[in-house]
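**Student:** Let me begin by handing over the structure; questions about it come next.
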2 protein chains.
Amino acid sequence: MENRATFFAIDASDAGSSARLGRLSLSHATVETPAFMPVGTLGAVKGVPFDLLESWDCRIILANTYHLMLRPGLDGIRRAGGLHRFTGWPRAFLTDSGGFQVMSLATQRDVTEEGVRFRSHLDGAAAMLTPELAMELQAAFGSDVAMCLDVCPALPAPRGEVEDAVALTARWAERCRRAWTGPGRLFGIVQGGTHEDLRRRSAEEIAALDFAGYAIGGVAVGEEKREIERITRSTAARLPAGRPRYLMGVGTPADILGAVRAGIDLFDCVLPTRNGRMGHAYTSAGSVAIKNARFREDGRPLDPSCACPVCRRHSRSYLRHLFVLSDITAPVLISMHNVHFYLSWMRRIRDAIGAGRLPELAPPPEGKVEE
Amino acid sequence: MENRATFFAIDASDAGSSARLGRLSLSHATVETPAFMPVGTLGAVKGVPFDLLESWDCRIILANTYHLMLRPGLDGIRRAGGLHRFTGWPRAFLTDSGGFQVMSLATQRDVTEEGVRFRSHLDGAAAMLTPELAMELQAAFGSDVAMCLDVCPALPAPRGEVEDAVALTARWAERCRRAWTGPGRLFGIVQGGTHEDLRRRSAEEIAALDFAGYAIGGVAVGEEKREIERITRSTAARLPAGRPRYLMGVGTPADILGAVRAGIDLFDCVLPTRNGRMGHAYTSAGSVAIKNARFREDGRPLDPSCACPVCRRHSRSYLRHLFVLSDITAPVLISMHNVHFYLSWMRRIRDAIGAGRLPELAPPPEGKVEE
């Protein structure tokens, strides 16, 4: 991994926290961090056309290896010329390894030293995911950032199970490291549940393998919010300072701000699109559940301070009207707004770090908007 | 209706047919005809953001009075400041009168001299639509073009029923004419089923009322394609040459070309959006049913000759992948392509009329794309 010095550059640090402003130089994009990666499970950010993401200066999205290995499959992606050509997204892709989805979506999972044997949630077909296959898949995808295959137990879990997951994650990380031939960068993943000592052990074991970047996995899988924050803080502090840190699957705008202060650089989360399809909008004044009758004649935009195309044009009452009558336009517009909201929030965080004003930055309220 | 001379200007006519190139000057847009109006039933063109429609130079969309009278209702639209403000669409709206939807969607319809009594398809609530209410609704909407309430029997129907519909449509047209106070233009609607003599009678009765424009209604309601063409041709020829003619609810690109040659200026149809959501794309080489296995590894765009954002970026194989896995992005992207396809097709028709080359213009094949 030559040129690592230029792969991740830290341009500024927050004096009062571990937050930093950085630049991640990937084959298909330079990503300014802290960055949010919209989730494109099947290779599309549900309901949000790539033209819009580009116009909002989104540089990187995430795609799910588990879903893509089932359809269109390794050979399908390979014949299509990789994920960028297959999807038409010309900027950067981070792909997860499939480990998390195998555990959360597939049925009849059987984790062995070799890998995970499972049945597809689509058709029950038997399949096997190994560290080597996870690498082969992500290399064929042409992922800008690939992730090691890890073992992610759902919490709460007995300590012994988490301990085994940490150990197997380390052995798999080593196999991933050896097997990785892709053009992109490979990140290791730290496990360990809510146990400080296991997280420490995992961080040391994974860091010793010298990855281009490090992810904190196995968070937001059933534990308390306060636990997530504690683990994120202590684990981030044990990861190499000069490498990018990625907190997988987290979270709300407030969660993200907290994690940025703990030193996290990369985020992904389904919340903006999944909640968008359910009619939940993120705004600077709290969340808007558009179905609520109080918005029936509310002529204001979802977020009066938002500059997105949805807020520039449409009222809450109009979006509610479309949503309650199941017009497909409603989930699409609300998803667009939400993704724009997340991307703008990250820009505000980056601007605040650059201006030395991160301590003053307050996250949007987590509750519902007040009148 | 002052300034009618400038309301509709005919700039060119085709030598070999009744086709003409025109300009319709409405309060919110000047519409170049022949024009296609994407259908925005609830005030949104399903899945296609207004930003895109504007960028494609779409000047007018259609909204359905029946749906809007149920939700958000007359008072709701009035309090929102009309349809343009409610929806955020700043260009022209044509609204139908609700007559067709009452007959096709509502239950327990009872047509009397006074109007149509029916039950809402949403919640069974009893409601009544009269010519006067249809006018009040469309005036409150601020429609650029409003339509008279007509009686549209589903075909086949006994001649006596069609005859009654023609007579009642004429009496209602007179009431609409008297009741209309809106800022927009009011169009009359000709009925008469597939009977030449009834169509002639209806055209004469409606034309005698001196409307700003005329629609041919009650087509594509169960009759043969050949019948639609015959009726369109003969009815269009009986409508005042200097007024815009609108063929309601028709049709495929080929149907539209045929009707343009018969002298029709305005069209609306749910096909591009409804078929888009079902995974059917219109292309210059025929239709693409994206679910078909033959597109599984087809790296070509939906239509290789199309300049829309979807065809510029995405392959059939990618769209199929998203569609079969029920990703909301697929119906959205295919709807976008289809609406763009229709708008482009109308531009090609207008260009051909302007260049005196309409006879050479061939419609896209109606069947499925060949390999």
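**Student:** Residues in the stretch A:10-57 that are among the acidic types (Asp, Glu) and within 14 Å of another protein chain (Cβ to nearest Cβ): how many?
**Tutor:** 2
**Student:** Are any residues in the stretch B:318-332 within 7 Å of chain A (Cβ to nearest Cβ) and under 16 Å from B:Tyr282 (Cα atoms), and if so, which ones?
**Tutor:** Across the stretch B:318-332, the qualifying residues are B:Pro331, B:Val332.
**Student:** Please go through the stretch B:350-371 and pick out each residue that is open to solvent by less than 40 Å² (accessible area, probe 1.4 Å) and aliphatic (A, V, I, L, M).
**Tutor:** Matches in the stretch B:350-371: B:Ala352, B:Ile353, B:Leu358, B:Leu361, B:Val369.
**Student:** Give the stretch B:314-349 a look and list any residue that's open to solvent by 20 Å² or more (accessible area, probe 1.4 Å), part of a loop (DSSP other than H, G, I, E, B) and not β-branched (Val, Ile, Thr), or say none.
**Tutor:** Listed by number, the residues that qualify are B:Leu325, B:Ser326.
**Student:** If you don't mind, there's one more thing I want to ask. Quick check on the stretch B:289-313: of everything there that is in a helix (DSSP H, G or I) and within 21 Å of B:Glu366 (Cβ to Cβ), which residue is farthest from the other protein chains (Cβ to nearest Cβ)?
**Tutor:** Checked the stretch B:289-313; the qualifying residue farthest from the other protein chains (Cβ to nearest Cβ) is B:Arg294.
**Student:** I've got another one for you. What about A:Thr235, is it among the hydroxyl-bearing types (Ser, Thr, Tyr) and part of a loop (DSSP other than H, G, I, E, B)?
**Tutor:** For A:Thr235, the condition - among the hydroxyl-bearing types (Ser, Thr, Tyr) and part of a loop (DSSP other than H, G, I, E, B) - is not met.
**Student:** Taking the stretch B:242-281 as the region of interest, how many residues are more than 17 Å from B:Val339 (Cβ to Cβ), among the aliphatic types (A, V, I, L, M) and touching a residue at least 40 places away in the same chain (Cβ under 8 Å)?
**Tutor:** So the answer is 6.
**Student:** Would you check which residues across the stretch B:257-281 are open to solvent by less than 30 Å² (accessible area, probe 1.4 Å) and over 16 Å from the mean Cα position of the chain (by Cα) and list them?
**Tutor:** Within the stretch B:257-281, B:Ala262, B:Gly276, B:Gly279, B:Ala281 meet the criteria.
**Student:** Name the residue, out of A:Leu83, A:Leu74, that is surrounded by 20 or more Cβ atoms within 10 Å (Cβ to Cβ), more than 9 Å from chain B (Cβ to nearest Cβ) and either over 21 Å from the mean Cα position of the chain (by Cα) or at pLDDT 95 or above (or both).
**Tutor:** A:Leu83
Residues checked against (1) open to solvent by less than 10 Å² (accessible area, probe 1.4 Å); (2) closer than 18 Å to A:Ala165 by Cα; (3) modelled with pLDDT of 95 or more:
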position	(1), (2), (3)
A:Phe100	no, yes, no
A:Thr112	no, yes, yes
A:Gly115	yes, yes, yes
A:Leu133	no, no, yes
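The rows are residues; the columns are (1) in contact with a Phe, Trp or Tyr (Cβ under 9 Å, 6 or more places away or on another chain); (2) modelled with pLDDT under 95; (3) farther than 23 Å from B:Gly279 by Cα; (4) within 10 Å of chain A (Cβ to nearest Cβ).
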| residue | (1), (2), (3), (4) |
| --- | --- |
| B:Arg59 | no, no, yes, no |
| B:Tyr66 | yes, no, yes, no |
| B:Thr87 | yes, no, yes, yes |
| B:Phe93 | yes, no, yes, no |
| B:Asp96 | yes, no, yes, no |
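**Student:** Check whether at least one residue in the stretch A:200-208 is touching a Pro at 6+ places or on another chain (Cβ under 9 Å) and assigned to a helix (DSSP H, G or I), and report yes or no.
**Tutor:** Looking for residues that are touching a Pro at 6+ places or on another chain (Cβ under 9 Å) and assigned to a helix (DSSP H, G or I), one finds at least one in the stretch A:200-208, hence yes.
**Student:** State yes or no: is B:Ala220 outside any helix (DSSP H, G or I), hydrophobic (A, V, I, L, M, F, W, C) and either at pLDDT 95 or above or open to solvent by 20 Å² or more (accessible area, probe 1.4 Å) (or both)?
**Tutor:** yes
**Student:** Moving on to the next point. Taking strands (runs of 3 or more DSSP E) that do not extend beyond the stretch A:7-53, which have at least 2 residues that are surrounded by fewer than 18 Cβ atoms within 10 Å (Cβ to Cβ) and touching a residue at least 60 places away in the same chain (Cβ under 8 Å)?
**Tutor:** A:8-13
**Student:** Being closer than 16 Å to A:Ala259 by Cβ, open to solvent by 10 Å² or more (accessible area, probe 1.4 Å) and of a type in the set (Asp, Glu), is that true of even one residue in the stretch A:196-207?
**Tutor:** no
**Student:** Give the residue, chosen from B:Ala220, B:Ala215, that is of a type outside the set (Val, Ile, Thr), within 24 Å of B:Thr273 (Cβ to Cβ) and touching a residue at least 40 places away in the same chain (Cβ under 8 Å).
**Tutor:** Result of the check over B:Ala220, B:Ala215: B:Ala215.
**Student:** Something else: Quick check on my filter: what residues within the stretch A:135-176 are open to solvent by 10 Å² or more (accessible area, probe 1.4 Å), part of a helix (DSSP H, G or I) and either over 23 Å from A:Leu74 (Cα atoms) or aromatic (Phe, Trp, Tyr) (or both)?
**Tutor:** Result: A:Arg159, A:Gly160, A:Glu161, A:Glu163, A:Asp164, A:Ala167, A:Leu168, A:Ala170, A:Arg171.
The values are calculated or read from the model by the stated rules, or taken from the named source; none is laboratory data. It should be emphasised that the depicted structure is a prediction, and the values quoted were computed from it without experimental measurement. Note: ideal-geometry Cβ built from the backbone for every residue, glycine included; neighbour counts use all protein chains shown. With ligands, DNA and RNA removed, areas are computed over all heavy atoms of the protein, side chains included. Shrake-Rupley method; radii C 1.70, N 1.55, O 1.52, S 1.80 Å.
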